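The values are calculated or read from the model by the stated rules, or taken from the named source; none is laboratory data. Keep in mind that what you see is a predicted model, and the values were worked out from it rather than measured. Here the Cβ positions follow ideal geometry from the backbone for every residue, glycine too, while neighbour counts run over all protein chains shown. Ligands, DNA and RNA are stripped out before the accessible areas are found, and what is left, the full protein with its side chains, is counted by its heavy atoms. Shrake-Rupley method; radii C 1.70, N 1.55, O 1.52, S 1.80 Å.
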Amino acid sequence: MSLDAILLAGGRGARVGGAVKPLFRLDGETLLARAVAAARSVGAARIVVAAPVLAPDLDVTWVREDPPFGGPVAATVAALALVEADETLLLACDLVDPSTAAGALPPIPADADGVCLAEGGRPQWLTGRYRAAALREVASTIPDGGRDAAMRTLLGSLRIAFVDAPVALSRDIDTWDDLTAAGGSAASEPEEEP
């Protein structure tokens, strides 16, 4: 099966005062660059980043939901139009260790539409691998291109295999305290809008 990736990086960063979280740095790399490397490490051929252009030097395709800030479902639906592979890695760009998280996802079972990490039985929808055809089928039924919809609207009706994972795999950076705890630092603003 071929694999592309959708990386979600276009949120408002409300809990960090509007800072651009994908440009936060850990170990000298932006969270966005770490997510791109994670997608490549599991074999993603094409990487579609749903966000304004944050790093023009990255070898990715940029897309933006219309209107911007429509939420993760709208961003996923917009990016899905550019996915060419049979399967899609869906990954949030605020994970502390995206490579380990993506690497923990097994192949999609034959009787499932996808696989995602689960923490204490709670799905971590934004760390998953899904069949593109199944995503497209559900996406076509969601009003307003998914704007302001919950991820369970897109993924909740699919046959998903959940992978129990330790909390560390889904650890993300939502606040300044999270960034400090991870040993990271803030970076610059995006260079251009698409």
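Here residue 43 meets the list (1) closer than 20 Å to residue 117 by Cα; (2) over 13 Å from the mean Cα position of the chain (by Cα); (3) open to solvent by less than 20 Å² (accessible area, probe 1.4 Å) almost entirely, failing just condition (3). Note on segment 143-162: residues that are β-branched (Val, Ile, Thr) and at pLDDT below 95 amount to 1. Within segment 101-108, one or more residues are within 15 Å of the chain's Cα centre (by Cα), open to solvent by less than 10 Å² (accessible area, probe 1.4 Å) and closer than 27 Å to residue 166 by Cα.
Reported count of residues in segment 132-173, each being open to solvent by 30 Å² or more (accessible area, probe 1.4 Å) and either in a loop (DSSP other than H, G, I, E, B) or charged (D, E, K, R) (or both), is 16.
Taking segment 27-49 as the region of interest, how many residues are out of contact with any Ser or Thr (no Cβ under 8 Å at 6 or more places or on another chain) and on the phi < 0 side of the Ramachandran plot? The total comes to 11. For segment 84-101, a residue qualifies if it is within 17 Å of residue 171 (Cβ to Cβ), touching an Asp or Glu at 6+ places or on another chain (Cβ under 8 Å) and not in a strand (DSSP E or B), and the qualifying residues are 94, 96.
In summary, residue 33 fulfils each of the numbered conditions (1) surrounded by 22 or more Cβ atoms within 10 Å (Cβ to Cβ); (2) part of a helix (DSSP H, G or I) with the single exception of condition (1).
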